Amino acid sequence: GDWGGVILCGNAVINTGGISTNPNVSKIEGFVTSDPKRYYGGTNDADNSGVLSYVRIEFAGVALDPLQSNSEINGLTLGGVGSGTKLDHIQVSFSGDDSFEWFGGTVDAKYLIANRGKDDDFDTDNGFSGRVQFGLGIKDPYIADDSDPSYASNGFECDNNGVGSFFGLPITKAVFSNMTMVG
């Protein structure tokens, strides 16, 4: 939690219900200002948000406003990132929130390591339908998110959307394969 983290916002489909003028666009969590860069989502599932390869993100993941829910930035936050984006060989260590979180989108990722994060290792919601292959999650028994006793720090957290509804489309249907979880 020493700094925010890395956020990629794309134009792929999400299921949040959107903002007033576009049902496929929403605001990424973690921003406390009216910065226009905080919007993500759209209609292009093949959207290309670039390449993130051979990257190590350490000591990220911070709650920008501890009094407001959903104001955290994860180690790597992916909002509406499309399948034209390349994500591989990424390690997130000692994140103060989730190591990796996908908010909708269709991006595939390979060779991910979540090392001793405070909250979830791999978290998907808002209609994420990508594939993640070759991942490692390592939990430290002395590090956990204790901000809300009704939630636990998990290897995986998968929700359809932020309000717990099964009715948002597209339905979250992430595929994780060749994953090793320790602790």
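Below is a table of values for the structure above.
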| quantity | calculated |
| --- | --- |
| Residues located in the range 144-167, provided they are modelled with pLDDT under 75 and either part of a strand (DSSP E or B) or not hydroxyl-bearing (Ser, Thr, Tyr) (or both) | Ala144, Asp145, Asp146, Asp148, Pro149, Ala152, Gly162, Val163, Gly164, Phe166, Phe167 |
| Test: residue in the range 124-136 that is within 17 Å of the chain's Cα centre (by Cα), at pLDDT below 85 and either part of a loop (DSSP other than H, G, I, E, B) or surrounded by 15 or more Cβ atoms within 10 Å (Cβ to Cβ) (or both) | no |
| Conditions (1) at pLDDT 90 or above; (2) open to solvent by 60 Å² or more (accessible area, probe 1.4 Å): number failed by Pro141 | (1) |
| Hits in the range 90-139 (condition: in contact with a Ser or Thr (Cβ under 7 Å, 6 or more places away or on another chain) and hydroxyl-bearing (Ser, Thr, Tyr)) | Thr106, Thr124, Ser129 |
| Failed item, numbered, when Leu78 is tested on (1) modelled with pLDDT under 95; (2) outside any loop (DSSP other than H, G, I, E, B) | (1) |
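Results for (1) within 15 Å of the chain's Cα centre (by Cα); (2) buried (at least 18 other Cβ atoms within 10 Å of the Cβ); (3) free of Cβ contacts under 8 Å to residues at least 40 places away in the same chain, shown as yes or no for each residue.
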| site | (1), (2), (3) |
| --- | --- |
| Gly50 | no, no, no |
| Ser53 | no, no, yes |
| Arg56 | no, no, yes |
| Ala60 | yes, yes, no |
| Glu72 | yes, yes, no |
| His89 | no, no, yes |
| Gly96 | yes, yes, no |
| Gly104 | yes, yes, no |
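The values are calculated or read from the model by the stated rules, or taken from the named source; none is laboratory data. Being a predicted model, the structure only gives us computed values, none of them experimental. Because the Cβ atoms are built from the backbone with ideal geometry, glycine has one as well, and the counts that use them run over all protein chains shown. Only protein heavy atoms, including side chains, enter the accessible area calculation; ligands, DNA and RNA are left aside. Shrake-Rupley method; radii C 1.70, N 1.55, O 1.52, S 1.80 Å.
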